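The values are calculated or read from the model by the stated rules, or taken from the named source; none is laboratory data. Computed from a predicted structure; not experimentally measured. Here the Cβ positions follow ideal geometry from the backbone for every residue, glycine too, while neighbour counts run over all protein chains shown.
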Amino acid sequence: MSQSTQSGRPVPGAVRSRPDPAAGPDPAAGPDPAGGSAPTGEPASATGPETVGTPSRRPGRGAVLALAGTVAALAAALTCQALVITRPGRLPGNAAVLYLILLWWAVTLIAVAALSRLSSRAGTSRRLVVGLVLGGTLAVHAAALTSGPRLSDDLYRYAWDAKVQAAGIDPYRYPTNSPALARLHDGWLWPDPAGCAALRHAPGCSRINFVWAHTIYPPVAQLYFDAVHYLPGPDGVSPFQVCAALMSLALTGLLLVATGRASRSPAIVAAYAWSPLAGVDIGIDAHVDVVAAVLSVAGLLVLGARRSTGPPGPGRAPADATAGRPSRRRAAAAGALLGAAIAVKLYPALLLAAVARRRPTIVIPTAVGVVALSYLPHVLTVGSGTLGYLPRYLTSEGYTDGQRYRLLGLLGFSGQGAQVLAVALLAAAAAAAAWADPARVGLPRAALWLVGAAFLLATPAQPWYGLQLVVLAVLAGRLEWLAVAAAPYVLYQSLFDRLALPAHIARPGGYAIGALVVGLAACARLARARRPAGAAPVSLVPVSRVPVGPGPAGAAGKVPAGAVAAVREARTEASSRPEHARTRSPG
């Protein structure tokens, strides 16, 4: 027995190597002083010296500094939100709104780093970090309730569709400005001349966009609008904002559950919960995409792994590798949830390729069946008009003529050639997601591949479409994709206002930078995975620099020579183990 553990007690000031995660908890270490357990497969501390001694129940200086940094980052995010809210002008505001939102994204990443630092400090419980994430989420949504729509006026369409349904009329039957619906006009959605003048519109205006078009939103989204309409309270934006905030809190809770399953720090959830997506697109503009995201994440969790009982092996996903085959009931429930998500916003259909490797004969037919059943009553009533504005939307967005694929346009592709190439690349991404080895590529990461590829190919202008991408990036632990999720803000704002860069540079430029960030992160991760087999983990506190002396074990500033010898021997043994032969791929 080394001198560092003589008589079963640790020697103050003695230094030891990082324990082997595969060996499980040290029976001599006692319970976690924070009242919880360290995430499986993650070191208790990412930085700083590791000392053997009686664990302190009081947070150290590093934890206090990390907590202060977290609070400061949250305050900065709320400040950015307040400045976005108070910017004058018509939707979506001027270029200053874009610059504030991009700054907010940077602050969000700083907040995640500070929370992660706090989470890694000794004496910090998971419960504290979860509480901070939820507290920040509540603050962001409380501030959002003080503002009307900021970037988008889609929630007026939600309110109108709900009003049409409440009158017993199928929402797909008539366009918004149809004379058959004139009796439903009110002073809020259809202002009088004075109200139109206040909105800087001509008399006879409406707050609803595309009044000449049928609704585009699928049936489950219509059920959500109808449910919000019947909630008590006055007509206006607040009921939709409150419901969107509640759905956002539910989404945050699901992401926290997912991080617990994957043995990750809950700090990463702030990448969504404190971001402009939560604070503007969901909290202020109340986009229905949050409902689709809640259903999608719930479906992935139902279909995904059971709680891991040990650390992942080299290159393996921490949660998905031990999942096994889901039961028929679980597969059917996941398929129903994913089908409902598709019937809110159609793009969650991309997830079906990623989940195809888990009971595809149950999951996919169930999802398709839910979508079909949701459309069936409207098809029987309206017929083909149930598709609403969707075909014309694809044309107006430039997808049918191949002009929307901005990154492909930078490579010289346009028109039908861009369409064919986009379909081929998306099919390749779907095949990679469907056939990836589950032991190495977790379900969220496979889904992220596919949704990320679709985002880079389609380059949508709507920032709120990035919600699905950010959620999958959090689930997969791949925050470099946030750079892609921030790109639509640049494109969207450039459609309404002049930016510092010319439009032909700014519009594809955000996506080009996002793709570059993702590519560099992938190269860095690949380089780490190919580290030479004999390379041992780098210690932040070299043993050779620890002051050694023959004095008593408790002497200040001195460590007994026998303890150092034991440390060197343990590190040599650890570096020779197979599990240290290569760097484990994160998440």
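Report, by residue number, each residue of segment 350-398 that is of a type in the set (G, A, S) and in contact (Cβ under 8 Å) with a residue 24 or more places away in the chain.
The answer is A353, A354, A356, A367, G369, S374, G385, G388.
Of the conditions (1) at pLDDT 90 or above; (2) in a loop (DSSP other than H, G, I, E, B); (3) among the small types (G, A, S), A319 clears all except one; give me its number.
A319 satisfies every listed condition except (1).
Condition first: in contact (Cβ under 8 Å) with a residue 40 or more places away in the chain and of a type in the set (V, I, T). Can you find one or more residues in segment 414-429 that meet it?
No, segment 414-429 contains no residue that is in contact (Cβ under 8 Å) with a residue 40 or more places away in the chain and of a type in the set (V, I, T).
When you scan segment 410-424, how many residues do you find that are surrounded by fewer than 18 Cβ atoms within 10 Å (Cβ to Cβ) and either aliphatic (A, V, I, L, M) or not in a loop (DSSP other than H, G, I, E, B) (or both)?
Going through segment 410-424 one residue at a time, the tally reaches 9.
Return the residue satisfying two criteria in turn: it lies in segment 474-519 and is β-branched (V, I, T) and closer than 22 Å to W449 by Cα, and of such residues it is surrounded by the fewest Cβ atoms within 10 Å (Cβ to Cβ).
Checked segment 474-519; the qualifying residue surrounded by the fewest Cβ atoms within 10 Å (Cβ to Cβ) is I513.
Output the residues belonging to segment 125-173 that are under 15 Å from Y272 (Cα atoms) and of a type in the set (S, T, Y).
T137
Quick check on segment 56-88: of everything there that is surrounded by fewer than 17 Cβ atoms within 10 Å (Cβ to Cβ) and farther than 30 Å from L151 by Cβ, which residue is modelled with the lowest pLDDT?
S56
Check whether at least one residue in segment 451-463 is modelled with pLDDT of 90 or more, buried (at least 24 other Cβ atoms within 10 Å of the Cβ) and under 13 Å from L277 (Cβ atoms), and report yes or no.
Yes, some residue in segment 451-463 is modelled with pLDDT of 90 or more, buried (at least 24 other Cβ atoms within 10 Å of the Cβ) and under 13 Å from L277 (Cβ atoms).
Just the residues that are in contact with a helix residue (DSSP H, G or I) (Cβ under 9 Å, 6 or more places away or on another chain), under 16 Å from H287 (Cβ atoms) and assigned to a helix (DSSP H, G or I), please, taken from segment 228-245.
Those that are in contact with a helix residue (DSSP H, G or I) (Cβ under 9 Å, 6 or more places away or on another chain), under 16 Å from H287 (Cβ atoms) and assigned to a helix (DSSP H, G or I): V228, P239, F240, Q241, V242, C243, A244, A245.
Restricting attention to segment 425-444, which residues are part of a helix (DSSP H, G or I) and surrounded by fewer than 23 Cβ atoms within 10 Å (Cβ to Cβ)?
Result: L425, L426, A427, A428, A429, A430, A431, A432, A434, W435.
Quick one: count up the residues across segment 486-511 that are among the hydrophobic types (A, V, I, L, M, F, W, C) and under 22 Å from A473 (Cα atoms).
Qualifying residue count for the region: 4.
Residues G402, G398: which one is surrounded by fewer than 20 Cβ atoms within 10 Å (Cβ to Cβ), in contact with a helix residue (DSSP H, G or I) (Cβ under 6 Å, 6 or more places away or on another chain) and not in a helix (DSSP H, G or I)?
G402
Suppose we filter segment 216-227 for residues that are of a type in the set (A, V, I, L, M, F, W, C) and either farther than 19 Å from L346 by Cα or assigned to a loop (DSSP other than H, G, I, E, B) (or both); how many remain?
2
Kindly indicate the residue of segment 446-465 that is in contact with an Asp or Glu (Cβ under 8 Å, 6 or more places away or on another chain) and assigned to a helix (DSSP H, G or I) and also nearest to G299 (Cα to Cα) among those meeting that condition.
Once the filter is applied, the top-ranked residue is Y465.
Among the residues of segment 242-252, which ones are surrounded by fewer than 24 Cβ atoms within 10 Å (Cβ to Cβ) and in contact (Cβ under 8 Å) with a residue 40 or more places away in the chain?
Those that are surrounded by fewer than 24 Cβ atoms within 10 Å (Cβ to Cβ) and in contact (Cβ under 8 Å) with a residue 40 or more places away in the chain: V242, C243, A245, M247, L249, A250.
Taking the residues in segment 164-173 that are among the aliphatic types (A, V, I, L, M) and not in a helix (DSSP H, G or I) as candidates, determine which candidate is surrounded by the most Cβ atoms within 10 Å (Cβ to Cβ).
Taking the candidates together, the pick is I169.
Regarding H287, is this residue in contact with a helix residue (DSSP H, G or I) (Cβ under 7 Å, 6 or more places away or on another chain), surrounded by fewer than 24 Cβ atoms within 10 Å (Cβ to Cβ) and either in contact (Cβ under 8 Å) with a residue 12 or more places away in the chain or under 30 Å from A485 (Cβ atoms) (or both)?
Spelling it out, it is not the case that H287 is in contact with a helix residue (DSSP H, G or I) (Cβ under 7 Å, 6 or more places away or on another chain), surrounded by fewer than 24 Cβ atoms within 10 Å (Cβ to Cβ) and either in contact (Cβ under 8 Å) with a residue 12 or more places away in the chain or under 30 Å from A485 (Cβ atoms) (or both).
Looking at this structure, is L231 of a type outside the set (F, W, Y), surrounded by fewer than 24 Cβ atoms within 10 Å (Cβ to Cβ) and in contact (Cβ under 8 Å) with a residue 24 or more places away in the chain?
Spelling it out, it is not the case that L231 is of a type outside the set (F, W, Y), surrounded by fewer than 24 Cβ atoms within 10 Å (Cβ to Cβ) and in contact (Cβ under 8 Å) with a residue 24 or more places away in the chain.
Can you pull out the residues in segment 431-448 that are under 14 Å from the mean Cα position of the chain (by Cα) and closer than 15 Å to Y347 by Cβ?
Listed by number, the residues that qualify are A447, L448.
Confirm whether D281 is among the acidic types (D, E) and modelled with pLDDT of 95 or more.
Judged against the criteria, D281 is a match.
Looking for whichever is within 21 Å of L516 (Cβ to Cβ), touching a helix residue (DSSP H, G or I) at 6+ places or on another chain (Cβ under 9 Å) and free of Cβ contacts under 8 Å to residues at least 24 places away in the same chain here; the options are A461, A432, A453. Which one fits?
Checking each option against the conditions leaves just A432.
Give the residue that is surrounded by the most Cβ atoms within 10 Å (Cβ to Cβ), with candidates limited to residues of segment 96-153 that are charged (D, E, K, R) and closer than 14 Å to V280 by Cβ.
Filtering segment 96-153 for residues that are charged (D, E, K, R) and closer than 14 Å to V280 by Cβ, the one surrounded by the most Cβ atoms within 10 Å (Cβ to Cβ) comes out as R150.
Cβ contacts < 9 Å: first residue under 21 Å from H229 (Cβ atoms), restricted to segment 132-160; second residue in a helix (DSSP H, G or I) and among the acidic types (D, E), any location; separation 6+ or different chain. Result?
These pairs meet every condition: S152/D281.
What number of residues in segment 174-215 are surrounded by 14 or more Cβ atoms within 10 Å (Cβ to Cβ) and assigned to a helix (DSSP H, G or I)?
Looking only at that region, the number is 4.
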